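The values are calculated or read from the model by the stated rules, or taken from the named source; none is laboratory data. This is a predicted model, so every value here is computed, not measured. So basically every Cβ, Gly included, is an ideal-geometry build from the backbone, and we count neighbours across all protein chains shown. Calculation scope for accessible area: heavy atoms of the full protein, side chains included, ligands and nucleic acids excluded. Shrake-Rupley method; radii C 1.70, N 1.55, O 1.52, S 1.80 Å.
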6 protein chains.
Amino acid sequence: MRLPRLLTPRTVAHAHCDLPCGVYDPAQARIEAESVKAICEKYQANADPEFRTRALIIKEQRSELVKHHLWVLWTDYFKPPHFEKYPQLHELFNKATKAAGGGEGGAKSSMDPQSGQQVLDYIAEISDIFWETKKG
Amino acid sequence: MRLPRLLTPRTVAHAHCDLPCGVYDPAQARIEAESVKAICEKYQANADPEFRTRALIIKEQRSELVKHHLWVLWTDYFKPPHFEKYPQLHELFNKATKAAGGGEGGAKSSMDPQSGQQVLDYIAEISDIFWETKKG
Amino acid sequence: MRLPRLLTPRTVAHAHCDLPCGVYDPAQARIEAESVKAICEKYQANADPEFRTRALIIKEQRSELVKHHLWVLWTDYFKPPHFEKYPQLHELFNKATKAAGGGEGGAKSSMDPQSGQQVLDYIAEISDIFWETKKG
Amino acid sequence: MRLPRLLTPRTVAHAHCDLPCGVYDPAQARIEAESVKAICEKYQANADPEFRTRALIIKEQRSELVKHHLWVLWTDYFKPPHFEKYPQLHELFNKATKAAGGGEGGAKSSMDPQSGQQVLDYIAEISDIFWETKKG
Amino acid sequence: MRLPRLLTPRTVAHAHCDLPCGVYDPAQARIEAESVKAICEKYQANADPEFRTRALIIKEQRSELVKHHLWVLWTDYFKPPHFEKYPQLHELFNKATKAAGGGEGGAKSSMDPQSGQQVLDYIAEISDIFWETKKG
Amino acid sequence: MRLPRLLTPRTVAHAHCDLPCGVYDPAQARIEAESVKAICEKYQANADPEFRTRALIIKEQRSELVKHHLWVLWTDYFKPPHFEKYPQLHELFNKATKAAGGGEGGAKSSMDPQSGQQVLDYIAEISDIFWETKKG
């Protein structure tokens with residue numbers, strides 16, 4: 001079950017830079033992944049070669065941003081006690097970033113919206129754990 | 001009053017790239033602005049010169065990202081009918097991006113958390129209008 | 001009529017960074033837009049698929065730079081008194097950045113040199129106003 | 001004496017982009033980490049405030065590059081069978097990227113050359129495993 | 001003597017990307033160098049430590065852009081016949097990019113406006129040659 | 001067999017940033033050029049249009065990095081006495097960066113692996129001179 005984000009207090013800032021400022025939010029990765037999926041859908045619906053090339057150019061950038069935002073969460077936000085409590089976390093992040101990348105079936109190398117959905121599913125899992133640790 | 005984001009359907013994607021993919025979300029600007037404010041707070045609480053220099057370096061980047069995300073909304077998401085319906089929109093965006101910038105009192109040139117809050121307030125106003133147009 | 005740039009004093013610096021240093025120059029946007037138009041022309045004259053893909057990749061970057069340089073002028077250079085004196089300025093910048101973007105007919109989504117020329121025309125208009133304010 | 005490059009097998013490519021092209025090399029992370037350490041040393045030897053600020057600016061960038069190159073290896077090069085054979089690999093990469101970051105004692109937040117050396121030590125460990133898998 | 005730019009035909013585009021689109025213009029390097037010099041002047045006139053740190057951050061970026069724009073001209077615009085006709089060109093570019101860099105007296109490592117002027121002088125020399133080759 | 005890294009003197013740093021930190025290494029350019037060549041080979045072996053477009057996108061970035069790393073060596077590492085001792089150095093760097101670029105036969109505009117090999121050959125020449133100056 002997905003952690004009901006609606007319940008998290010809105011005044012809590014979730015840091016993301018490496019000062020660190022302490023503001024992190026999986027929404028950054030999710031928004032880019034939604035874009036990746038939407039680009040795939042538009043690509044499938046449009047056979048114009050110029051449009052398709054642009055879709056590939058832009059999806060490449062958006063997928064890279066997904067990877068970056070996830071890497072930041074994995075290295076900067078999550079700490080040893082989290083990895084102890086959630087032993088699946090390392091592998092989950094590794095799979096999620098691979099799913100956003102250029103390997104077989106990854107969202108960079110596939111124009112199937114399902115590849116974007118796969119990334120979104122991994123991010124939802126990460127997001128659940130993230131918000132649980134915030135409640136802690 | 002801030003539009004209750006909690007009511008927006010979660011399956012709605014809010015595009016942000018310039019394919020355009022159609023996924024936009026003011027949360028991108030807001031998260032960076034929260035970071036800007038948090039950096040100011042940490043700066044005020046820490047007199048170490050190395051920390052303070054790093055805070056200035058990173059806040060510069062985060063403020064630039066605030067500006068970028070707002071510019072994208074202004075140019076790519078909002079269309080002529082929106083500007084007609086919300087005649088204050090141009091000026092609101094201009095003020096918001098100036099507030100995030102390096103001019104007098106702007107969040108780049110000030111280490112007062114209030115300058116970050118000012119940007120957040122403008123983004124909340126933009127966000128309200130944004131979500132209203134999404135409901136439309 | 002385009003403001004005769006030749007008459008502007010050469011020792012006047014036109015700032016562009018957000019210190020702000022005070023050096024702005026619409027030539028930055030214009031040079032990128034000239035590139036956008038030239039890329040379209042070369043694209044139309046060359047059917048080689050590898051060349052065409054590269055043209056799309058590079059035009060995407062150059063168009064983005066056009067938008068960025070224009071946004072900087074709009075937010076960082078122009079001040080409230082300018083917007084009062086030139087009430088068309090907000091809309092002009094909004095149209096110019098849209099014309100450089102990925103929406104319908106925009107210079108990112110079209111390979112017609114005319115789309116690049118449209119951006120150049122908007123920049124010339126902005127440039128006229130810019131140099132008038134410099135004289136003031 | 002220069003290590004005879006001619007002796008290294010020229011046909012072995014070590015891929016690093018996400019086509020993927022198949023060329024990876026931990027030297028990319030190592031060179032940036034050597035720079036991080038050297039910057040710390042120069043910082044300690046020079047009390048000039050302008051030099052010190054520049055050192056902080058540049059070290060921030062170089063440390064970020066260390067993190068990026070390591071993330072790429074972790075996500076793009078290493079595959080499930082590697083993680084099975086080297087069960088310490090996830091934690092090693094997590095520690096290495098944390099050591100290059102802005103957390104307590106990390107190479108971004110410290111000007112002690114020892115913090116740069118710590119990153120280099122982790123990279124050497126990763127490098128040993130990397131080259132073992134290449135032999136495999 | 002500086003080549004009178006005013007005489008160059010305005011319809012001539014001067015390419016700068018690496019398609020190549022054929023549009024080059026030394027003004028790109030010059031505008032950044034003007035910024036570098038202006039930043040030095042503002043730095044000398046303002047003792048506020050936060051302002052000074054920001055000035056160093058931004059000058060670092062602008063100096064890097066000067067180098068980049070010059071490198072592009074040297075590699076992409078100038079061809080073997082130019083280097084034959086202007087045998088001083090290689091050294092001139094090498095000195096100009098060094099003057100914009102972090103070595104002793106370079107514009108990155110000095111806050112003396114004279115270091116920015118030195119870069120501008122080199123760019124004026126390059127610009128003269130550039131426009132002569134355009135006339136050819 | 002892995003070349004024994006342990007035999008390379010660990011105290012020799014090869015600087016590359018513009019503090020300058022003093023760490024330079026032609027391996028940075030070489031690794032990117034190996035990637036360029038590998039991308040060409042994969043392109044020739046795969047007729048899938050999506051894969052080919054991605055190959056062009058990524059090769060464009062990698063070739064640009066080759067140019068950047070070479071420019072840094074030319075401007076930041078090599079000093080007047082080097083150019084005196086190796087009078088061919090200016091031209092060598094100019095040819096090498098042109099070979100990595102978008103001009104006729106350059107590695108950006110060609111998908112022939114031979115164009116990548118040409119860049120690698122130039123880098124090997126530069127590397128030989130670089131390491132000779134290090135011994136000096």
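Looking only at the range F:1-21, filter to residues that are in contact with a helix residue (DSSP H, G or I) (Cβ under 8 Å, 6 or more places away or on another chain) and open to solvent by 30 Å² or more (accessible area, probe 1.4 Å); which one of those is modelled with the highest pLDDT?
In the first step, residues of the range F:1-21 are kept if they are in contact with a helix residue (DSSP H, G or I) (Cβ under 8 Å, 6 or more places away or on another chain); the result is F:1-3, F:5, F:12-21.
Next, only the ones that are open to solvent by 30 Å² or more (accessible area, probe 1.4 Å) stay: F:1-3, F:5, F:12-13, F:20.
Details: F:MET1: 27, F:ARG2: 33, F:LEU3: 33, F:ARG5: 34, F:VAL12: 34, F:ALA13: 35, F:PRO20: 95.
Top of the filtered list is F:PRO20.
Are any residues in the range E:37-67 open to solvent by less than 10 Å² (accessible area, probe 1.4 Å) and at the interface with chain C (Cβ under 8 Å from one of its Cβ atoms), and if so, which ones?
E:ILE39, E:ARG54, E:ALA55, E:ILE58
For A:LYS98, work out the one condition from (1) closer than 13 Å to A:ILE126 by Cβ; (2) free of Cβ contacts under 8 Å to residues at least 12 places away in the same chain it doesn't fulfil.
A:LYS98 satisfies all of (1) closer than 13 Å to A:ILE126 by Cβ; (2) free of Cβ contacts under 8 Å to residues at least 12 places away in the same chain except (1).
Could you count how many residues in the range F:116-126 are among the small types (Gly, Ala, Ser) and open to solvent by less than 10 Å² (accessible area, probe 1.4 Å)?
Pass one, the range F:116-126, residues among the small types (Gly, Ala, Ser): F:116, F:124.
Remaining after also requiring open to solvent by less than 10 Å² (accessible area, probe 1.4 Å): F:116.
Counting residues in the range F:116-126 that are among the small types (Gly, Ala, Ser) and open to solvent by less than 10 Å² (accessible area, probe 1.4 Å) gives 1.
For the structure I just gave you, tell me whether E:ALA33 is among the hydrophobic types (A, V, I, L, M, F, W, C), in contact with a Phe, Trp or Tyr (Cβ under 9 Å, 6 or more places away or on another chain) and either at the interface with another protein chain (Cβ under 9 Å from one of its Cβ atoms) or without any contact (Cβ under 8 Å) to a residue 24 or more places away in the chain (or both). Break it down into steps so the answer makes sense when it comes.
Details: among the hydrophobic types (A, V, I, L, M, F, W, C): yes; in contact with a Phe, Trp or Tyr (Cβ under 9 Å, 6 or more places away or on another chain): yes; either at the interface with another protein chain (Cβ under 9 Å from one of its Cβ atoms) or without any contact (Cβ under 8 Å) to a residue 24 or more places away in the chain (or both): no.
When the stated conditions are applied, E:ALA33 does not pass them.
Looking at the range F:36-45 only, could you name the residues that are free of Cβ contacts under 8 Å to residues at least 40 places away in the same chain and touching a helix residue (DSSP H, G or I) at 6+ places or on another chain (Cβ under 7 Å)?
F:LYS42
Within the range C:68-112, take every residue that is at the interface with chain B (Cβ under 9 Å from one of its Cβ atoms) and of a type in the set (Phe, Trp, Tyr) and give me the one that is most open to solvent (accessible area, probe 1.4 Å).
C:PHE83
Criterion first (under 14 Å from the mean Cα position of the chain (by Cα), at pLDDT 95 or above and polar (S, T, N, Q)) does B:SER109 satisfy it? I'd like the intermediate steps shown before the answer.
Numbers: under 14 Å from the mean Cα position of the chain (by Cα): no; at pLDDT 95 or above: yes; polar (S, T, N, Q): yes.
No.
In the range D:16-46, what residues are of a type outside the set (A, V, I, L, M) and assigned to a helix (DSSP H, G or I)?
D:GLN28, D:ARG30, D:GLU32, D:GLU34, D:SER35, D:LYS37, D:CYS40, D:GLU41, D:LYS42, D:TYR43, D:GLN44
Of all residues in the range F:98-123, which are assigned to a helix (DSSP H, G or I) and under 11 Å from F:ALA33 (Cα atoms)? Quick ask: steps written out before the conclusion?
Here is the first cut: in the range F:98-123, the residues assigned to a helix (DSSP H, G or I) are F:98-99, F:113-123.
Across the range F:98-123, the qualifying residues are F:ALA99, F:PRO113, F:SER115, F:GLY116, F:GLN117, F:GLN118, F:VAL119, F:LEU120, F:ASP121, F:TYR122, F:ILE123.
Can E:LYS134 be described as at the interface with another protein chain (Cβ under 9 Å from one of its Cβ atoms) and either in contact (Cβ under 8 Å) with a residue 60 or more places away in the chain or open to solvent by less than 40 Å² (accessible area, probe 1.4 Å) (or both)?
It is false that E:LYS134 is at the interface with another protein chain (Cβ under 9 Å from one of its Cβ atoms) and either in contact (Cβ under 8 Å) with a residue 60 or more places away in the chain or open to solvent by less than 40 Å² (accessible area, probe 1.4 Å) (or both).
Of the conditions (1) assigned to a helix (DSSP H, G or I); (2) closer than 20 Å to C:ILE58 by Cβ; (3) in contact (Cβ under 8 Å) with a residue 12 or more places away in the chain, E:THR75 fails just one. Which one is it?
Here E:THR75 meets the rest and fails (3).
A quick yes/no check of all residues on (1) within 27 Å of E:GLU84 (Cβ to Cβ); (2) hydrophobic (A, V, I, L, M, F, W, C):
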site	(1), (2)
F:LEU65	no, yes
F:THR75	yes, no
F:LEU89	yes, yes
F:PHE93	yes, yes
F:LYS98	yes, no
F:GLY102	yes, no
F:TRP131	no, yes
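Pick from C:GLU60, C:GLU64: which is closer than 22 Å to C:VAL23 by Cα and of a type in the set (D, E, K, R)?
From the options C:GLU60, C:GLU64, the qualifying one is C:GLU64.
Looking only at the range A:47-76, which residues are touching a helix residue (DSSP H, G or I) at 6+ places or on another chain (Cβ under 7 Å) and of a type outside the set (A, V, I, L, M, F, W, C)?
A:GLU50, A:ARG52, A:THR53, A:ARG54, A:LYS59, A:GLU60, A:ARG62, A:SER63, A:LYS67, A:HIS69, A:THR75
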